Structures are given as C-alpha cells and as structure tokens.
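Input: a single structure, listed below in structure tokens.
The values are calculated or read from the model by the stated rules, or taken from the named source; none is laboratory data. It should be emphasised that the depicted structure is a prediction, and the values quoted were computed from it without experimental measurement. Neighbour counts are summed over all protein chains in view; Cβ atoms, including those assigned to glycine, are modelled from backbone coordinates with ideal geometry.
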Amino acid sequence: MKKAVISIDVEDWYHLEYFKDNLNDKSQSILEDGTNEFINIITEENIKATFFIVGELISSKLKLLKKIINQDHEISGHSFNHVRPLTQSLEEFKLDSTKLLVELKEKLNIINPGYRAPCFSLDDERLKILKELNYSYDSSKISAGFHPLYGSINIKQYKKVFDNVYTDKTFTEFELPTQRFLNKNIPISGGGYLRILPWFLFKYLLKKYLKENDTYFFFIHPFELTNKNISLPKDSSITSRLRFRIGRSKGASRFSKLIKILKKEGFEFVTFSDFNKEINNLK
C-alpha cells in the first residue's frame, strides 16, 4: 500500500527566518486562521495528519492543540523557540530539545514525540542528540542542496525500509521528497513550492514522483493557508515580502487539489507516528 503523511509546521508568520532580523512586533497573528483552514480541509477529506508545534506556543494554544488531539491527529515537536539548530551549539540544541520534550509531556501528555527542525537545519551530531533524548523519529532531511538554510543528514548507517524512510534499531528518519528537474532536486513536498511554482509544473513533478515511489510526505505552514493581511516589518526586503505573499491566495485550493491527486493515485493517509509504529513492527 502506498502511504502519504500530510503535516503542518504550527508556527506564526514572525517565526519565519527572513523576518527575524527586523522583527519588532509579534502582536499580529495568523496561526489559528491557517491552522483551522488546514483542519477544515483534512476533515473534509477524512484524513489524519501530523502537527509539528513550536514549543513556546503550547501554553497559549492549548485549546487549539487539545482540539487537534481530540480529532485523533498527531502532535510532535518543531523546536522550542524556532531557532535554527545549526546556529546553536550542541549544548544549546540539547537544552532546547529537552525543554520541548518537557513542555509536550507536561501540557499535552505526549511522550517520545517526533521532531522536525526549523528550516530543515539539522546535521548528524544534532540528530544523535534527538535519539539520545528518546525522540521517536525525525523528519528534517531534504536533499535540496541549493537552499542555504537546509542542513545535511547522513543516513548511511540506516536501513532503507520504504522510499525516503530509513531506520536503525531505535529511530526513524523520514526524508521529504524531491524530484529531479533541470539537474536540480526540486522539493515537491512543501507549501512554499506548492504556491510559488506554476501549478502545471508542480503537478507534473508530483505525478512523476508518485508513479515512481511508494511514499509521499508533505508539509505546509499556517500562513500559506490564509490570505489574512499582515503588516510586515517596515525594513523587510522586497524579496522577503514576495516570498511571504506570493501564491498565498491559492494555497488552500492547491492543498486540496494535492490531496485529491494522492487519493486518485491510491495513497493511504497515515500520521508519522502510526507509520513509525508499523516500521517498528518490522524490526
């Protein structure tokens, strides 16, 4: 059976890396607007999903998170403060990841969650720390070397059990899919690429990938599913403003189309934790 995991990185617009240097106002929020739109779409499609939550938001978003849990979706971690791990020392990363674990356990009774690094900013040393802290899996590997913020994870010591799924005796790595195009690995797994690439191109690359692979993993952000206006920091560059605004009005409709394509291609929808349990049963 082909398997797909749909996920959302539950963060607000001000967590985006390209606004951090000139951010002075966090009063505006579009997190709940976008997250609720995500919930509406997956509910309509009758599928379960994985929600990667930034730890510092847990206390203020408990009502939303409990709603997610009550609908049998999965909640895992997306760092505590949404700081790129590769900008932290190993000790800082360990403290951040430990704090996230404690918050998830104390506020939501979640033990041994999965993890996704902000901006996929992870390497082998930090992956080892996640394993030592008893996270159950990671989904921070993406083979798109042209992106300056992404990290690099070596999974040579892991066993490949499905397309883009690698495991050792205690831990699983779920790699986000890419498709080769014009001698580059183009991610066909994220909201940014979904809304910025021309739809005909994204659809072509997606269908090509789906015919050749038995897994598909997708992530999106709340801001990509709502067109609610935000007053961006005055010093934001034109490039940052374009990256934030382009295609947002089409995000929700394209997301719905993507799910329908996956269904048509015969994919079963699961959460990362459910998929991980199945993998553990194979060991």
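Beta carbons closer than 7 Å, at least 6 apart along the sequence or on distinct chains, pair a first residue in the range 21-33 that is under 17 Å from residue 245 (Cβ atoms) and in a loop (DSSP other than H, G, I, E, B) with a second that is among the small types (Gly, Ala, Ser) and at pLDDT below 95 for 28/231.
If I filter the range 105-123 down to residues being assigned to a helix (DSSP H, G or I) and in contact with a Ser or Thr (Cβ under 8 Å, 6 or more places away or on another chain), which single residue comes out as modelled with the highest pLDDT?
Restricting to residues being assigned to a helix (DSSP H, G or I) and in contact with a Ser or Thr (Cβ under 8 Å, 6 or more places away or on another chain), the top hit is 107.
For the range 173-184, indicate whether the set of residues that are surrounded by fewer than 21 Cβ atoms within 10 Å (Cβ to Cβ), closer than 20 Å to residue 82 by Cβ and modelled with pLDDT under 95 is non-empty. Checked against the condition, which is being surrounded by fewer than 21 Cβ atoms within 10 Å (Cβ to Cβ), closer than 20 Å to residue 82 by Cβ and modelled with pLDDT under 95, the range 173-184 yields no hits at all. Taken over the range 48-85, residues that are in a helix (DSSP H, G or I) and charged (D, E, K, R) amount to 5.
I'd like to know if the range 148-159 contains one or more residues that are within 23 Å of residue 59 (Cα to Cα) and crowded, with 16+ Cβ neighbours inside 10 Å. No, because not a single residue in the range 148-159 is within 23 Å of residue 59 (Cα to Cα) and crowded, with 16+ Cβ neighbours inside 10 Å. Pairing residues of the range 45-57 that are modelled with pLDDT of 95 or more with residues that are among the basic types (Lys, Arg), at Cβ distances under 6 Å and at least 6 apart in sequence or on separate chains, gives 52/116.
Of everything listed in (1) at pLDDT below 95; (2) on the phi < 0 side of the Ramachandran plot, the single unmet condition for residue 216 is (1). Only one entry of 32, 92 meets the criterion of being surrounded by fewer than 15 Cβ atoms within 10 Å (Cβ to Cβ) and more than 27 Å from residue 279 (Cβ to Cβ), and that entry is 92. Among the conditions (1) hydrophobic (A, V, I, L, M, F, W, C); (2) buried (at least 21 other Cβ atoms within 10 Å of the Cβ); (3) under 16 Å from residue 110 (Cα atoms), the only one that residue 64 does not satisfy is (2).
Looking only at helices (runs of 4 or more DSSP H) that lie completely in the range 180-283, which have at least 3 residues being touching a residue at least 24 places away in the same chain (Cβ under 8 Å) and either touching a Cys at 6+ places or on another chain (Cβ under 9 Å) or farther than 22 Å from residue 18 by Cβ (or both)? Talk me through it step by step, then tell me what you get.
Values: elements: 191-196, 199-212, 238-245, 251-264, 272-282.
Because the criterion is at least 3 residues that are touching a residue at least 24 places away in the same chain (Cβ under 8 Å) and either touching a Cys at 6+ places or on another chain (Cβ under 9 Å) or farther than 22 Å from residue 18 by Cβ (or both), the helices (runs of 4 or more DSSP H) in the range 180-283 that meet it are 199-212, 251-264, 272-282.
In the range 227-235 there is no residue matching the filter, namely being in contact with a strand residue (DSSP E or B) (Cβ under 8 Å, 6 or more places away or on another chain) and either at pLDDT below 95 or not β-branched (Val, Ile, Thr) (or both).
For the structure I just gave you, tell me whether residue 267 is touching a helix residue (DSSP H, G or I) at 6+ places or on another chain (Cβ under 6 Å) and of a type in the set (A, V, I, L, M, F, W, C). No; evaluated as a whole, the condition is false for this residue. Residues that are touching a residue at least 24 places away in the same chain (Cβ under 8 Å) and farther than 23 Å from residue 13 by Cα within the range 74-100 comprise 90, 94, 98, listed in sequence order. Whenever a residue of the range 1-17 is surrounded by fewer than 22 Cβ atoms within 10 Å (Cβ to Cβ), its partners that are among the basic types (Lys, Arg), lying with C-beta atoms within less than 6 angstrom and at least six residues away or across chains, give the pairs 14/26.
Restricting attention to the range 15-57, the residues that are within 16 Å of residue 83 (Cβ to Cβ) and of a type outside the set (Ser, Thr, Tyr) add up to 14.
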